[in-house]
Amino acid sequence: MMQENIFGVYLKKIRKAHGKTQEDLANAIGKQKMYISGMESGKNNPPKSADLEKMMDVLKLDYNGRLKFLDKAAAHKHTIPDDLVSFILKSQQMRKIIRTAKKHGLNDDKYKKIIEFLQEE
């Protein structure tokens, strides 16, 4: 069974929306155009973190756009987004929070309340 092409579909959409070609992205990460084509078609997985960063730079993604890009790449690979890995690994408390949330099966409304609380100053 072929895995869903979460990242490739999104990459193609965002690339076209920003007026970039497959070649533009390939050049940014030192690869051939076929590598980007392969990602968009689901044949190639998203690249490593450094290459994702270069692609986001070429696409001139804002902060939220960058987060979504990283999230789509991680979802495609069934991993934690690259920007969170070291933070989670360094923080025992963060792992405890995530495991507690998992244990209690928090829904979106509860997550929204947690986020609102964390954003209060």
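The values are calculated or read from the model by the stated rules, or taken from the named source; none is laboratory data. Because the structure is predicted, anything quoted here is derived from the model rather than measured. So basically every Cβ, Gly included, is an ideal-geometry build from the backbone, and we count neighbours across all protein chains shown. Note: areas computed on protein heavy atoms with side chains; ligands, DNA, RNA excluded. Shrake-Rupley method; radii C 1.70, N 1.55, O 1.52, S 1.80 Å.
For (1) modelled with pLDDT of 90 or more; (2) of a type in the set (K, R), each residue gets a yes or a no:
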site	(1), (2)
P46	yes, no
A50	yes, no
K54	yes, yes
S91	no, no
H104	no, no
K112	no, yes
L118	no, no
Of the residues that make up segment 85-102, is at least one within 27 Å of E4 (Cβ to Cβ) and under 9 Å from the mean Cα position of the chain (by Cα)? no
Right, I114: of a type in the set (V, I, T) and more than 13 Å from F7 (Cα to Cα) or not? yes
Considering only segment 68-78, state which residues are open to solvent by less than 70 Å² (accessible area, probe 1.4 Å) and either out of contact with any Leu (no Cβ under 9 Å at 6 or more places or on another chain) or of a type in the set (S, T, N, Q) (or both). A75, H76, K77
Go through segment 99-114 and give me each residue that's surrounded by 10 or more Cβ atoms within 10 Å (Cβ to Cβ) and among the charged types (D, E, K, R). R99, K110, K112, K113
Farther than 21 Å from E4 by Cβ and surrounded by fewer than 17 Cβ atoms within 10 Å (Cβ to Cβ): is that true of N64 in this structure? yes
Hey, A73 hits all of (1) closer than 22 Å to E4 by Cα; (2) free of Cβ contacts under 8 Å to residues at least 60 places away in the same chain but one; which does it fall short on? (2)
Mind checking which pairs have a first residue in segment 43-55 that is open to solvent by 30 Å² or more (accessible area, probe 1.4 Å) and a second that is of a type in the set (D, E, K, R), Cβ under 7 Å, 6 or more apart or different chains? N45/K77; S49/D82
Residue among Q92, Q32 that alone is within 24 Å of Y111 (Cα to Cα) and open to solvent by 100 Å² or more (accessible area, probe 1.4 Å): Q92
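So which residues in segment 16-29 are within 15 Å of G65 (Cβ to Cβ), open to solvent by 20 Å² or more (accessible area, probe 1.4 Å) and not in a loop (DSSP other than H, G, I, E, B)?
K16, A17
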